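> My questions will all concern the structure given below.
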Amino acid sequence: MPQIFRRSSNAVARLSILAVVLLVGAGLTLLWVLQRSGWYTDQRVAREQPIQFSHERHVGGNGIDCRYCHTSVEESSSAGIPPVKTCMNCHSEVFAQSQYLKPVRDAFESNRAIKWNRVHDLPDFVHFDHSIHVSKGVGCTTCHGQVDRMPLMWQEQSLQMEWCLNCHRNPDRYVRPRSAVFSVNYQAPPDQLELGARLVADYEIQKLTSCSTCHQ
């Protein structure tokens with residue numbers, strides 16, 4: 001009985017299977033890369049705001065402490081968005097007639113809040129508590145980056161679960177003395193791992209990695 005397929009068909013079949021495997025692998029790799037890119041996470045993408053507030057000017061230039069505006073960061077899960085009155089504490093005198101700040105004055109006079117666009121927007125199924133992290137020695141810049149160098153605010157980290165877990169598994173690499181939590185100039189010392197190990201013990205930091213820690 002004559003052969004239905006040529007001998008070369010075996011080679012074609014093998015090459016076809018290899019091509020499919022390579023294409024699937026390439027597709028999965030592309031998805032993996034995209035899922036971690038700024039295009040997907042919005043990492044380092046400056047967010048448009050109704051008023052282009054500059055942390056660089058207020059924190060870096062004027063030396064305003066984080067807690068002056070984010071008053072609840074030490075006591076609540078939310079750091080808090082400052083009311084317009086906080087802005088007017090200074091701007092009733094400083095640049096009081098600036099057209100750039102007219103929306104702030106209008107909001108204050110009409111007793112309404114400014115609708116800021118959220119920069120660090122975690123999914124609804126993720127619970128994050130600022131006060132716990134602050135009390136355990138996690139600095140503002142660890143998560144939010146060098147805000148004193150941001151003319152416009154952006155998300156410095158990916159905020160993906162693997163990023164959170166990296167810190168939860170290795171807190172000794174990231175914790176700092178509580179006195180330096182709000183310092184934007186803090187630099188980890190050469191003996192960070194040794195210092196971190198002491199702080200982990202002193203602050204009773206647990207390496208919490210169970211799902212229920214964040215997904216409550």
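Each reported figure results from applying straightforward, stated rules to the coordinates on display, with no laboratory input. These figures come from a predicted structure and were not determined experimentally. Note that we place each Cβ from the backbone using ideal geometry, even for glycine, and neighbour counts take in every protein chain shown.
> Between K102 and V33, what is the label-to-label distance in nm when each label sits 7 Å out along the Cα-to-Cβ direction?
4.8
> Then there is this: Give me the net charge for the shell around Q160: Cβ to Cβ below 15 angstrom, other residues only, Lys and Arg +1, Asp and Glu -1.
Summing Lys/Arg as +1 and Asp/Glu as -1 gives -1.
> Assuming R0 = 45 Å, what is the FRET efficiency of Q157 and I17, from their Cβ-Cβ distance, to the nearest 0.05?
On the way: r = 41 Å, r/R0 = 0.91.
E(calc), rounded to 0.05, equals 0.65.
> Work through the residues other than C90 whose Cβ is under 13 Å from its Cβ and net out their charges, Lys, Arg +1 and Asp, Glu -1.
Once all neighbours under 13 Å are counted, the net charge is +2.
> Report ³J(HN,Hα) in whole Hz for each residue of region 200-216, in order, from the Karplus equation J = 6.51 cos²θ - 1.76 cosθ + 1.60 where θ = phi - 60°; Gly and Pro get x.
Result, rounded to whole Hz: 4, 6, 5, 8, 6, 7, 9, 8, 7, 10, 6, 4, 5, 4, 10, 9, 9.
> So between E204 and S54, what do we pick up on full extension, going 0.36 nm a residue minus the alpha carbon distance?
So the chain would gain 50.4 nm between E204 and S54.
> Only Cα pairs within less than 10 Å get springs; with that Gaussian network setup on the chain, which residue of R169, R14, R178 has the largest fluctuation?
R14
> Right, another one. Stretched out fully, how many nm does the piece from A26 to L165 gain, at 0.36 nm a residue minus the Cα gap?
The A26-L165 span can extend by a further 47.4 nm.
> If each of R67 and S131 carries a label point 7 Å out from its Cα toward its Cβ, how far apart are those two points in nm?
So the two model labels end up 1.4 nm from each other.
> Moving to a separate point now. Quick one: which residues, 5 or more positions from Q155 or on another chain, have an amide H under 5 Å from its amide H? H modelled 1.01 Å from N in the peptide plane, none for Pro or chain starts.
R44, V45
> Residue separation times 0.36 nm, minus the C-alpha to C-alpha distance between H120 and I81: what's the value? Mind dumping the intermediate values first?
On the way: separation 39, 0.36 × 39 = 14.04 nm, distance 1.24 nm.
Length gained between H120 and I81: 12.8 nm.
> How much net charge surrounds V126 when only the other residues with a Cβ under 14 Å from the Cβ of V126 are counted, with Lys and Arg +1 and Asp and Glu -1?
Value of the local net charge: -3.
> Top mean-square fluctuation among D129, D148, D121, Gaussian network model of the chain, C-alpha springs under 10 Å?
D121
> Between region 58-81 and region 150-192, how many Å separate their Cα centres?
16
> Here's a follow-up. Mean residue ellipticity at 222 nm from the helices of the chain, using -39,500 (n - 2.57) per DSSP H segment of n ≥ 4 over the full residue count, to the nearest 500 deg cm²/dmol?
Roughly -11000 deg cm²/dmol at 222 nm, from the helical runs in the chain.
> Taking the highest mean first, how do the peptides 138-145, 99-106, 31-38, 192-199 order by number of other beta carbon atoms within 10 angstrom per residue? Walk me through the numbers on the way to the answer.
Values: 138-145: 20.6, 99-106: 13.4, 31-38: 11.6, 192-199: 15.4.
So the peptides 138-145, 99-106, 31-38, 192-199, ranked by packing, come out 138-145, 192-199, 99-106, 31-38.
> On each of the three principal axes of the Cα atoms of the chain, give max minus min coordinate, whole Å, ordered largest first.
Its Cα atoms span 100, 48, 34 Å along the three principal axes.
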